[in-house]
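The values are calculated or read from the model by the stated rules, or taken from the named source; none is laboratory data. Computed from a predicted model, the values in this text were never measured in an experiment. Every residue, glycine among them, receives a Cβ derived from its backbone with ideal geometry; neighbour counts consider all protein chains shown.
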Amino acid sequence: MMDTKQFLVAGVVVALLIGVTAVFFAAGDPDGLESTALVVQGVKDLTGPTPEDADPEAVGQDVGFEYEAPMPDYTMGEDAGKMGEVVAVVAGTLLALLLVLGVGKAVTASKH
């Protein structure tokens, strides 16, 4: 039977394998997340005609705010190519793991 640490390591390895493999199969121009965000914000309708002044990339309108992502479009920049995407996926997976472990520790500590 596997102990907790072995299970955690196996899960991280599987997540990294899936993430790194997905880099090579992912669409080159994903826009589903951006489009969904515009629908949720009420800027774009789920059905109906596209607005005349729509952003051709996200098919939406000005959302009123901007931000600069640390790894935009899951890359480390165009110069890094696929290796930059792999680094971004690995970093994101490990950061998510650390965040979940931190929250778990905080919740466990608050119960004692």
Can you tell me which residue among 29, 73 is at pLDDT below 70, under 15 Å from the mean Cα position of the chain (by Cα) and assigned to a helix (DSSP H, G or I)? 73
So which of 66, 57, 85, 52 ends up being among the acidic types (Asp, Glu), more than 30 Å from residue 4 (Cβ to Cβ) and modelled with pLDDT of 75 or more? 85
